Structure formats: C-alpha cells, structure tokens
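Written out below as structure tokens is the structure these notes cover.
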Amino acid sequence: MTSERGTDELITVAEGPVLTVTFNRPEQRNAMTWDMYDGLYAACERADADPGIRAMVLRGAGEQAFVAGTDIGQFADFAGGFDGVEYERRIERVIERIADVTVPTVAAVRGVCVGGGLAIAAACDLRIATPGSRFGVPIARTLGNCLSMNTYNLLVFHLGPARTLDLLLNARLYSGSEAHAAGFVAELAEPAELDAVLGRAIQRLLGHAPITMWATKRAVHRLRRAGVPTGDDLVSAAFGSEDFQQAVRAFAEKRRPEWRGR
C-alpha cells in the first residue's frame, strides 16, 4: 500500500513499512525553505505515529544534490545576531527531531550535501552515497556565518575534531569516497546502483530486531548529546557581523564576498 503527502517541494511517501521523504527543488539543488524544514519535521512525526513504518529514507530529487543547504535568499531579511540565533534554534529543532525518530533512518546521497544538508544527513543513522557526492560546509568562503554548537557536535562526533576543522577552516568538500573512508558514509554505490544498494540496506534493517535498533539509537544519541555547551554567543557574533550581511548581498548579486573581519 502506498500513500503520499507533502507539498511540491517536499514529498513524503509511505510504501509498505518504508517512509521516503524527497527534497524536491532540483533546479535549486534542493535548497531548503522554511516550509521544507517544517515538512521534514512533520514527516518525522508521521514516522513515529504510524506503527506500520519500520524505516525512513531521506533523499534528494534529481541528479545534482541531496540538499544544498538552506536557501540563502531566506537570510536577506536578517537584521542581526538575534535572527541568527533564532534560525539555528529552528534548524536544531528539526535536526534533533530526525535523530529522535524511533525507526532507523537512512540518507541516500547523490550530488552535493552541504550546509544544512550535511546536518540533515549527519542526523540520520546511516548514509549511503555515490563516490562523486560532495559533503561539506563551505561557509568560510561563502557566507561568513557559523554553525550552532549542536551541528559542530554532530560533525565532531562523526568525523572527529581534526577532520571537522579541516572541513570547515579549509572550506573543503569531501567526496563520497573520502566520506566513506572517514566512516561517515556507511556504503558507497555507483549512481546507477544507488537505488539497489539502498533497497538492500532497507531490507536488511527490516529484518532486524526493532527494539535492539531503537535502544542502540537512543544510547548513541545520549552519548553524543551529553554535555553539549551553549554556543549562542558565537552564532550571534557571526550572523550579526558585517561580513555575513555583505556576503548575503554578494550571493544575490552573484559576486564574491569581501571579508573584513567585522
């Protein structure tokens, strides 16, 4: 039995025991709007409310992207650091809701998976990706903002501090192969084989003990969240900076930002 919900930009389909969420803005490389974030939260609620759902899959429409972060146009009205803090809290609510989904969650990644997209993928339990996928948060050369402490925690938890610093300070994009070598990606699949590899992974999960998987997920996330400090001061300083404001304008005007360190 198949049932479908959602908007044109985010489609949620339940097919048997699997709930699939598709980010559906391929021409914008599936960049997230506020409505898409809200829809993703609702999809997580649906996964937990339906006892027939045994696994959840997140994926992007088209060939170019899983999710290319938050749509930068939505930052145009930010007036200062407070807006940045509120934004990161809103995103954290969604990211942690993904992590709290009772059933196993799998991100199927093809193309770019950056910014908020990387956080979404990191919040899932498993990631399957093509070798040519790209993972990163290149804000040091694009927007001049920073991440929430929760997202830093996610990246350090998955990649370790050295790789996290390499990824962020160098504004690097790891290939799917590099992310697999780092342990972030569980399985690699050539583009033509992604659906088949994903299907086998889901069938494997469906054959395992639900309570064991639930307890394992809860234990790992409790360990990750233990003692996470606040970072609102960092977020406020970055989002309230002149650098961030002019970088948002530069993006809209299709030019490179000019960093001034203030």
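The values are calculated or read from the model by the stated rules, or taken from the named source; none is laboratory data. Note that the coordinates shown come from a computational prediction; the quantities given were computed from them, not determined experimentally. Cβ: placed from backbone, ideal geometry, glycine included. Neighbour counts: every protein chain shown.
Below are the figures for this structure:
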{"quantity": "Failed item in (1) at pLDDT 90 or above; (2) touching a helix residue (DSSP H, G or I) at 6+ places or on another chain (Cβ under 9 Å); (3) surrounded by 14 or more Cβ atoms within 10 Å (Cβ to Cβ), with R260 passing the rest", "calculated": "(3)"}
{"quantity": "Matching residues, segment 110-137, being among the small types (G, A, S) and in a loop (DSSP other than H, G, I, E, B)", "calculated": "G111, G115, G132, S133"}
{"quantity": "Residue list for segment 37-54, filter: of a type outside the set (D, E, K, R) and touching an Asp or Glu at 6+ places or on another chain (Cβ under 9 Å)", "calculated": "G39, C44"}
{"quantity": "Pair list, Cβ under 9 Å, 6 or more apart: segment 155-170 residue of a type in the set (S, T, Y), other residue buried (at least 18 other Cβ atoms within 10 Å of the Cβ)", "calculated": "T164/Y152; T164/L155; T164/H158"}
{"quantity": "Spans of strands (runs of 3 or more DSSP E) in segment 1-109 with at least 2 residues over 15 Å from the mean Cα position of the chain (by Cα) and over 20 Å from V235 (Cβ atoms)", "calculated": "2-6, 10-15, 18-23"}
{"quantity": "The one condition in (1) in contact (Cβ under 8 Å) with a residue 12 or more places away in the chain; (2) over 18 Å from A122 (Cβ atoms) that Q203 fails to fulfil", "calculated": "(1)"}
{"quantity": "Every residue from segment 157-187 that is out of contact with any Phe, Trp or Tyr (no Cβ under 9 Å at 6 or more places or on another chain) and under 21 Å from Y87 (Cβ atoms)", "calculated": "A171"}
